[in-house]
Amino acid sequence: MMAPQADTGARRRWARWIAVIADALQIVIFPAFLPGILSPLNDVLDVVVAIVMVILVGWHIAFIPTFVAEVIPGVGLFPTWTIAVLFVTRKRKSKVESA
């Protein structure tokens, strides 16, 4: 499901931090101004975060429902980027490691 990019620990950490910061902005700061002047900034943030996530960890199907949920008013109050990035970057044991 992911693009064949180098999935280094540093990329995972950056992706996780960016997701947490984006969700924190959307949960703590942006609702104070909605539907005011910062409303479009929220949408721009989602587009930028989506692009950055694909660059850092590669394409994953989990990013589609996350992005859709983020553009629905009110749903952005949940840490959807953080959950999606944790899901995408979770470590799975390969068959070779478990044997």
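Readers should treat all values here as calculations from the given coordinates under stated rules, not as data from a laboratory. The structure presented is a predicted model; accordingly, all values stated were derived computationally and were not measured. Neighbour counts run over all protein chains shown; Cβ positions are idealised from the backbone, glycine included.
Among 90, 16, the ranking by other beta carbons within 10 Å of each residue's beta carbon, starting with the fewest, stands as 90, 16.
The length gained by stretching the chain between residue 61 and residue 91 to full extension, at 0.36 nm per residue less their Cα-Cα distance, is 9.1 nm.
Close amide H contacts of residue 59 (hydrogens built in the peptide plane, cut-off under 5 Å, sequence separation of 5 or more or a different chain): 3.
So for 81, 17, fewest C-beta neighbours within 10 Å to most, what's the order?
Going from sparsest to densest Cβ surroundings: 17, 81.
For residue 68 and residue 21, a Förster radius of 35 Å and the Cβ-Cβ distance give a FRET efficiency of 0.95, rounded to the nearest 0.05. What the phi angles of the stretch 10-17 give under the Karplus curve with 6.51, -1.76 and 1.60, with θ = phi - 60°, is a coupling list of 5, 5, 4, 4, 4, 4, 5, 5 Hz, glycine and proline written as x. Counting only C-alpha contacts under 8 Å and six or more residues apart, can you give the relative contact order of the stretch 19-89 as a whole percent? 46 percent. Taking θ as phi - 60° and the Karplus parameters 6.51, -1.76 and 1.60, the scalar couplings of the stretch 59-75 work out to 6, 8, 4, 5, 6, 5, x, 5, 5, 4, 5, 5, 8, 7, x, x, 6 Hz in sequence order, x denoting glycine and proline.
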